[in-house]
Amino acid sequence: MNFYQILKSAHSGWRYIVFVLLVIAVIQALAGWFGKNPYTEGNRKLNVFTLVSAHIQLVFGLILYFLSPLTKMASSEAVGRYWKMEHISMMILAIILITVGNAKSKKVTDAITKHKMIAIFFGIALIIVVAAIFMMTRADASRTFFGVS
C-alpha cells in the first residue's frame, strides 16, 4: 500500500468522525439555543473537537488534491469538475464556517448567543457537506452517500 492509498483511506474514514461530530454539535447547539440551556465546558470541548477534526480532514484533503488522479481529469467531465473544483470549494467553505462559528462563539459571553452562533455556522456547514455528498453521488455513479471510496 503506497502513501496515496493510505492517505485516501485516512481521508475516507476520517470523514465519518467529522460528520458525526458536526451533527452532534449542531443538535446540541440547537437544543441549547432553543432550550435556553447554559453553555457548558462539554459544549466547548465538542465544538473544539469538531473544529480540529475538520481541520485534520482539510489537511488530508489538500494533500490528496495534489496527488489524486481524479483532480487531473478534464473539468468538462462531471467527475473531473466535481473533484477538481466543487468538492474542494464546498469543503473549504464548510470548514471556514466551522472556524468562524467557533471563533464568534468564543467572543460572546451570553450562553444562548454562544449556542446560536454554533447552531447557525455549524448548521450551514453541515448543509454544505451534505449537499457536496449528494453532488458527489450524482457526478460519480460509483459512489454512494455513506459508501467508502
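All of the numbers you see were taken from the coordinates with simple rules; none came from a lab. Fair warning: this is a prediction, and the values are worked out from it, not measured in the lab. Here the Cβ is made from the backbone with ideal geometry for all residues, glycine too, and neighbour counts use every protein chain on show.
For a paramagnetic label modelled on Y16 (point 7 Å from Cα along Cα→Cβ), amide N atoms under 19 Å away belong, within region 107-147, to 130, 133-134, 137, 143-147. Sorting S76, S89 by the number of Cβ atoms found within 10 Å of their own Cβ, with the fewest placed first, yields S76, S89. Here's the list of lysines a cross-link from K106 could span, going by alpha-carbon distance under 24 Å and ignoring same-chain residues fewer than 8 apart: K36, K45, K114, K116. Count neighbours as other Cβ atoms within 10 Å of each site's Cβ, and list the trypsin sites (Lys or Arg not before Pro) in region 57-149 that are DSSP loop with at most 16 such neighbours. Counting only loop positions with at most 16 other Cβ atoms within 10 Å, the trypsin sites (Lys or Arg not before Pro) in region 57-149 are R143. Here E86, E77 are placed in order of increasing Cβ neighbour count within 10 Å, fewest first, which gives E77, E86. Show log10 I(q)/I(0) for the chain at q = 0.10 Å⁻¹, two decimals, from a solvent-free Debye sum over equal Cα scatterers. Treating every Cα as an identical point scatterer, log10 I(q)/I(0) equals -0.38.
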